[in-house]
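Right, one structure below, let's go through it.
Any read-out appearing in this document is the output of simple, stated calculations on the displayed coordinates, not a laboratory observation. Every value quoted in this text rests on a predicted model; they were computed, and no experiment measured them. Methodologically, a virtual Cβ is constructed for each residue, glycine included, from the backbone with ideal geometry; neighbour enumeration extends over all protein chains shown.
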Amino acid sequence: MFGSQRSIPAGVSKRLLPALMVVFLLMPVSCAQAVQFQFPGCEICTMGSSLRVQRASDLPDLSGLAWLDGNRFLAVHDAKIDGESEKPRASLIYLPYNSQGIFWKPYVINFRGLKSNDLESAAHIPGTKDVLLVESGDNLGDPKFQKIYKARVGDNRMRIINVIPWPVPIQNVEATAVAALGDRFVFLFAERAQNLPSTDLCWAVFDPETLSFGPFRSVTFSNPDPTAFNRPLVAMNLDSRGLIYISSTFDAEAAELPNPDNGPFASSVFCIGELTDINGDPEVILFDPPLLEGTLYGFKVESIAIRESEEYGFQIFVGTDDENYGATLRLLPPPQEEWGRE
């Protein structure tokens, strides 16, 4: 019982066994013999290793996500400078291959100065091993924490090779992406627009070598369902054809609910439009209405990664930041409509 093995003397009748068990269970246990876990309203006492309380998962928030290759993804985490300097900023995520679930390994990163503050998106530069790690800028306009890092990802390490300030004024950006369009690259972003009816989806030609941007243009994206979502656009990614996928979420804190880190949460993933070339210039064309790719009740989707490969075909993965519940990575069902995908 509780990891202890006690033999019953041969002269003891089997009829006394239940009584002996009750007496043993009611015996006081000293602190030296037990480990106590304190939870609001209850106390769980364990002896040895036979009864333990464990965390369900220690995976940090998946605030940004980028598919690297095979079953590997890069994730960024929204750790802050104040009080969270020791928390990981980015990790390598492995899809589960058995019932043990998701595996992850934090990167050790030299940020060339101050550590990052509130990384909320990771934008992979197509055809390279480089990823933009992007701060949200949610820091009352302090330029020290409105930066974009260019990182080179190896098998077991990540190296910051450049860092720049955000090229335009921002308030709280949780959605960025980089797409290839012909022989050029395009950088896209959108404000989270908490409790607002719409946000601006912005884009500009982007040089990944110099981290320079052309003039930004924008189009207004309306909240797909203002009765369901209070953060219209919190994640974004594009597939190889230029189709744009985003997440809209309901956040308990934005709704000013009590104990908001315990939820509730809800999210939907939409295909909202496409990036195309019109007369030599990149243009975002929005769909009306956007195509619903999936809804996740109880989860706050803050990142989207597209995996396109010969082995797996086309797949949409989402990463969550479920606050006190932790985080997880999930594969959405195949799209019901293809919007021209072949």
Task: Point-charge dipole on Cβ atoms (K/R +1, D/E -1) for the stretch 252-342, about Cα centre, debye to 20 - done: 360 debye
TODO: Would you give the gap between the C-alpha center of the stretch 159-182 and the C-alpha center of the stretch 290-320, rounded to a whole Å?
DONE: 21 Å
Task: Residues with amide H under 5 Å from that of residue 138, placed H, sequence gap 5 or more - done: 173
- [ ] Divide, for the stretch 64-331, the radius of gyration over alpha carbons by 2.2 N^0.38 Å, where N is the residue count.
- [x] 0.94
- [ ] Calculate the translational D of the stretch 187-274 in whole µm² s⁻¹ from Stokes-Einstein, where the hydrodynamic radius comes from the Kirkwood formula applied to all Cα pairs, the temperature is 37 °C and the viscosity 0.692 mPa s.
- [x] 232 µm²/s
Open item on the list: Give me the extension gain from residue 86 to residue 100: residue separation times 0.36 nm, minus the current Cα-Cα distance, reported in nm with one decimal.
Closed with: 2.4 nm
Task: log10 of Debye I(q)/I(0), alpha-carbon scatterers only, for the stretch 235-319 at 0.11, 0.26 Å⁻¹ - done: -0.38, -1.20
Task: the stretch 55-111: trypsin sites (Lys or Arg not before Pro) in DSSP coil with no more than 11 other Cβ atoms inside 10 Å - done: 55
Open item on the list: Using DSSP to call loops (not H, G, I, E or B), can you name the GluC sites (Glu not before Pro) in the stretch 85-176 whose Cβ has at most 12 other Cβ atoms within 10 angstrom?
Closed with: 86
- [ ] Find the relative contact order for the stretch 64-331 and round it to a whole percent, using C-alpha pairs within less than 8 Å whose residues are 6+ positions apart.
- [x] 12 percent
TODO: Past 23 Å, Cα to Cα, is the threshold; run 115/300; 80/129; 105/144; 150/300; 105/129 against it and keep the listed order.
DONE: 115/300; 80/129; 105/144; 150/300
Open item on the list: If every alpha-carbon in the stretch 183-342 counts as one equal scatterer, what log10 I(q)/I(0) does Debye give at q = 0.10, 0.16, 0.20 1/Å?
Closed with: -0.38, -0.94, -1.32
Open item on the list: Give the separation of the Cα centroids, the stretch 70-86 to the stretch 218-242, in Å.
Closed with: 23 Å
